[in-house]
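The values are calculated or read from the model by the stated rules, or taken from the named source; none is laboratory data. Nothing here was measured: the structure is a model prediction, and the numbers come from that model. Virtual Cβ from ideal backbone geometry, glycine too; neighbours counted across all protein chains shown. These area figures cover heavy atoms from the full protein model, side chains too; ligands, DNA and RNA do not enter into them. Shrake-Rupley method; radii C 1.70, N 1.55, O 1.52, S 1.80 Å.
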Amino acid sequence: MNLTNPFCDADGDKLREECGVFGAINATDAAAATALGLHALQHRGQEAVGIVSFDGQEFYNRRGLGHVAENFSAAEAIAELPGFMAAGHVRYSTTGGSGLRNVQPLYADLAGGGFAVAHNGNISNAQTLKQDLVGRGAIFQSTSDTEVIIHLVATSRYPTITDRLIDALRLLEGAYALIVMTKEGMIACRDPLGIRPLVMGRIGEATVFASETVAFDVVGAEFIREVEPGELLRIDFDGNIDSLHPFGTHRARPCIFEHVYFSRPDSVFAGRSVYEARKAIGEELAREKPVEADLVVPVPDSGVPAAIGYAHASGIPFELGIIRSHYVGRTFIQPSDGARHAGVKRKHNANRSLVEGKRIVLIDDSIVRGTTSMQIVEMMRDAGATEVHFRVASPPTAHSCFYGVDTPERSKLLAARMELEPMREFIRADSLAFVSIDGLYRAVSGTDRNAGVPQFCDACFSGQYPTPLTDLNRREAQIAQLTLPVEKVA
Ligand code: SF4
């Protein structure tokens, strides 16, 4: 996450996971496995990729802008990364944050030897910590919050690298899933609430870590278990694994949006198949928000599993009434709103022969700005749909995320600006409805949200952030101080 602009302007009309991480230790060709694992995590970040490896003597580092395949498919690229331990990272850049200096894993030579870190998440007090570090003479090379971790480790007075890392992590607020490499081995850890995902697997003698289980399928690894919230797993070069819980016991709050949209449907998250969870959300949506219609049509690709569930529970036939082209350019390289809209039309096309003369229920995973939803409704009407009903497989997204997900600033979120009926008018649907937060919880975990003790982070729906937001609060206080009362001119 970029430190300069926490209100990152999301491309298009989806929230975007900002990072994916993968690590392998005691692997015969760690960098090749890492490149393959990152390729399976490409959906979590498409602007930049990096891998750091270690061969017992030296650390090697290769980073680049673009996709994994563009940077790591050539044998020469992997040959630059020898060794039996490697960690890698895919990321989206944020406003002002693109460029190689922010591409992870970040690497530094510390007093105790090389230190590389790949981070998925966002430290919500990073600015405050950075100010303090800079005041004490630290010089930052990047605008990434992850570099704060390196400086905190570097300046910790504890004797071992593990204790120094724990000392650093104690100061952090927010979300982190980290893969750290040192000359003693690999450390994988999650923040005390486990907001961002991290799983552990095995291939032969090698231990591997990834943001999602789908990476293990692709590299041929066996899924062992999730890294527990607040757990720090330390693996040495003899294969010994220590599990530490230095932060006490907390109630886990993994990101519920992993089930809604971020994770690949062929991953397992928080013990549940993402595909099955999405289907179940669609079923809940059909029970909660039924409508008379002829066809259930998913907004591809992310609306597909929920639409299957909606069709199953409602008895309305499922059809691919919108076809997605997989060969359009990425809309996020186009900065203006106009270009973004053109991108939507190039990406989706109505399947006119199916849609014409029909009452359609459109199913999408979420509505962020609402511009894509509006265009898709219009596309259905242009193709001859007689009614277009919009059903959303998540509650209204009315709050920004501060835990490593690229969200538009709150004023651009449709649900933060409008109540339900104005939203319906904005997207020009005949009806609009969202699954309830209890319905979402029932689908992904089998129980209601249970108001006081939610099992997930659901802050982008509820506004109830599970950690302090120190940087945000400081900034708001500063803005309030600067806003002087305006005297009325008679
Ligand atoms: Fe996930 Fe939303 Fe929480 Fe961010 S605010 S971690 S997107 S549930």
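Values computed for the structure shown
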quantity	calculated
Candidates A188, A175, A138 - the one that is touching a Leu at 6+ places or on another chain (Cβ under 6 Å) and not acidic (D, E)	A188
The range 13-37 - residue that is at pLDDT below 80 and open to solvent by less than 10 Å² (accessible area, probe 1.4 Å) and, of those, nearest to the ligand (Cβ to nearest atom)	L15
Index of the failed condition, V297 passing every other in (1) crowded, with 23+ Cβ neighbours inside 10 Å; (2) of a type in the set (A, V, I, L, M); (3) within 16 Å of the ligand (Cβ to nearest atom)	(3)
Residue check for A270: open to solvent by 20 Å² or more (accessible area, probe 1.4 Å), over 23 Å from Q375 (Cα atoms) and within 16 Å of the ligand (Cβ to nearest atom)	yes
Residue in the range 375-390 that is within 16 Å of the ligand (Cβ to nearest atom), under 29 Å from the mean Cα position of the chain (by Cα) and not assigned by TED's automatic domain parsing to the domain that holds N120 present	no
Leading residue by the ranking (surrounded by the fewest Cβ atoms within 10 Å (Cβ to Cβ)) among those in the range 395-421 that are outside any loop (DSSP other than H, G, I, E, B), out of contact with any helix residue (DSSP H, G or I) (no Cβ under 9 Å at 6 or more places or on another chain) and not aliphatic (A, V, I, L, M)	E421
Residues satisfying the stated conditions in the range 365-387, i.e. closer than 21 Å to R287 by Cβ and open to solvent by less than 10 Å² (accessible area, probe 1.4 Å)	D365, S366, I367
Any strands (runs of 3 or more DSSP E) falling wholly within the range 154-213 and containing at least 3 residues that are among the small types (G, A, S) and either more than 18 Å from Y403 (Cα to Cα) or under 15 Å from the mean Cα position of the chain (by Cα) (or both)	174-182
First in the range 218-235 and in the same structural domain as R190 (by TED's automatic domain parsing), second anywhere and open to solvent by 20 Å² or more (accessible area, probe 1.4 Å) and among the basic types (K, R), Cβ under 9 Å, 6 or more apart	A221/R202; E222/R202; F223/R202; I224/R202; P229/R251; P229/R253
Every residue from the range 427-444 that is surrounded by fewer than 19 Cβ atoms within 10 Å (Cβ to Cβ) and either away from the ligand (no atom under 16 Å from the Cβ) or not assigned by TED's automatic domain parsing to the domain that holds E283 (or both)	R428, D430, S431, A433
The range 310-336, subset open to solvent by 40 Å² or more (accessible area, probe 1.4 Å), assigned to a loop (DSSP other than H, G, I, E, B) and modelled with pLDDT of 95 or more, residue nearest to E47 (Cα to Cα)	L320
P422 vs. criteria within 21 Å of I367 (Cα to Cα) and either more than 12 Å from the ligand (Cβ to nearest atom) or touching a Pro at 6+ places or on another chain (Cβ under 9 Å) (or both)	yes
In the range 445-462, the residues that are without any contact (Cβ under 8 Å) to a residue 60 or more places away in the chain and either of a type outside the set (A, V, I, L, M, F, W, C) or within 11 Å of the ligand (Cβ to nearest atom) (or both)	G446, T447, D448, R449, N450, G452
The range 245-267, residues that are of a type in the set (F, W, Y) and within 16 Å of the ligand (Cβ to nearest atom)	F257, Y261, F262
All positions within the range 44-58 that are open to solvent by 40 Å² or more (accessible area, probe 1.4 Å) and modelled with pLDDT of 95 or more	D55, Q57, E58
Output for the range 463-475, where each listed residue is within 12 Å of the ligand (Cβ to nearest atom) and either in the same structural domain as S436 (by TED's automatic domain parsing) or surrounded by fewer than 17 Cβ atoms within 10 Å (Cβ to Cβ) (or both)	G463, Q464
Qualifying residue in the range 399-409 (condition: away from the ligand (no atom under 12 Å from the Cβ) and under 18 Å from the mean Cα position of the chain (by Cα))	yes
